[in-house]
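To start, the structure under review is shown below, and the notes come after it.
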Ligand SMILES: Nc1ncnc2c1ncn2[C@@H]1O[C@H](COP(=O)(O)OP(=O)(O)OP(=O)(O)O)[C@@H](O)[C@H]1O
Ligand SMILES: [Mg+2]
């Protein structure tokens, strides 16, 4: 089901300007901003964003979260490395505070909504463990009968996700050509040769991750050649290789830190830091991972993209991954 203006969605009261730093996405932004309007008007609203890897779903969700000032934002995400961890997605849920064991998610959201408007964001739903996805989907169905809450899911499962079937959907496709050019230019330090730019824009088909990630880290004409070598280009492969090349050039201690961050199923910065420090990790190791565009490590532990996490795992030997697990397990809870 694709979103269309309907009797259930009131028209926006005023044109909704797109946030700064978000190129294009006028249609998608209007639909997201409208969700918040609906909740403020006392109705629940749910939307499932789906689109190819790197299309720009997480970016939309981040802008939505920033836009929701005065809202309680509850969020979780699927993690490839933790897909088999039962209820891991619910354990990673932040923003709802402590809860009584066994308390149903719908009740917790409804209780929170008594105090302030609630926006629940579920990113990378295709990597959630089954139990967490089902509980979140159940909450999406039940919440309209309990309290006005906005719930937004994002996933890139090509065939859709069974648990979310029937919820309102919106496809996030490639950026329009004009916006793709703006994004590409925004990540480059100097203007591109027009023909090289045309080739990159044509071959990346508006994929935001490819546009922002690939051109930043390699010579544009080399990139244009690489994109043209296969038809259609496997963007995920090219992006993963770009992360991998950068990881391989990092100092050994930064790579160890990355391996630990990548294997931690909870993406818990304090735990990873406690495990990595005795092995020599320091601020410089963190700064190197950040400067290479692989990992942001502070209050949150955030890989630039799930492909960066996968590349970090891939770049480590089995022995290094095992050591990383062992160091994490040794951290007192
Ligand atoms: N509309 C946009 N304007 C500017 N930059 C964007 C836009 N959309 C995405 N980007 C950039 O592209 C990169 C990839 O986007 P994003 O991570 O949102 O994709 P995604 O659809 O969530 O990918 P995945 O399916 O792999 O999770 C981001 O790092 C962001 O910098
Ligand atoms: Mg994403």
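Provide, in order from the shortest bin, the percent of all Cα-Cα pairs of segment 232-318 in each 10 Å bin, continuing until the bin that contains the maximum pair distance.
Percent of pairs per bin, in order: 19, 56, 22, 4, 0.
First measure r as the distance between the Cβ atoms of residue 277 and residue 216, then evaluate 1/(1 + (r/R0)^6) with R0 = 30 Å and state the FRET efficiency to the nearest 0.05.
So, using R0 = 30 Å, E works out to roughly 0.50.
Can you give the relative contact order of the chain as a percent, counting alpha carbon pairs under 8 Å and 6+ residues apart?
RCO, the chain: 17 percent.
What is segment 177-233's relative contact order, in percent, from Cα pairs under 8 angstrom and six or more apart in sequence?
39 percent.
Please arrange 296, 197 by how many other C-beta atoms lie within 10 Å of their C-beta, fewest to most.
296, 197
Helix-derived [θ] at 222 nm for the chain: sum -39500 (n - 2.57) over DSSP H runs of at least 4, divide by residue count, nearest 500?
-14500 deg cm²/dmol
At q = 0.12, 0.16, 0.17 Å⁻¹, work out log10 I(q)/I(0) for segment 191-281 with the Debye formula, treating every Cα as an identical point scatterer and leaving solvent out; two decimals please.
Taking Cα atoms of segment 191-281 as identical point scatterers yields -0.51, -0.72, -0.76.
Tally the DSSP beta bridges in the chain and give the antiparallel ones as a percent, rounded to 5. Could the numbers behind the result be given before it?
Values: 4 of 24 bridges.
Of the beta bridges lying entirely in the chain, close to 15 percent run antiparallel.
On a C-alpha basis, how far is the centre of segment 188-248 from the centre of segment 267-333 in Å? Whole number, if you could?
27
Got a sec? How would 190, 266 order by Cβ neighbour count within 10 Å, fewest to most?
190, 266
Going by how many other Cβ atoms sit within 10 Å of their own, how do 322, 145 line up, fewest first?
Numbers: 322 13, 145 9.
Taking fewest neighbouring Cβ atoms as first place, the list is 145, 322.
Laboratory data are not the source of any read-out in this text; all were calculated from the coordinates shown. Please read these numbers as outputs of a predicted model, since none were measured by experiment. So basically every Cβ, Gly included, is an ideal-geometry build from the backbone, and we count neighbours across all protein chains shown.
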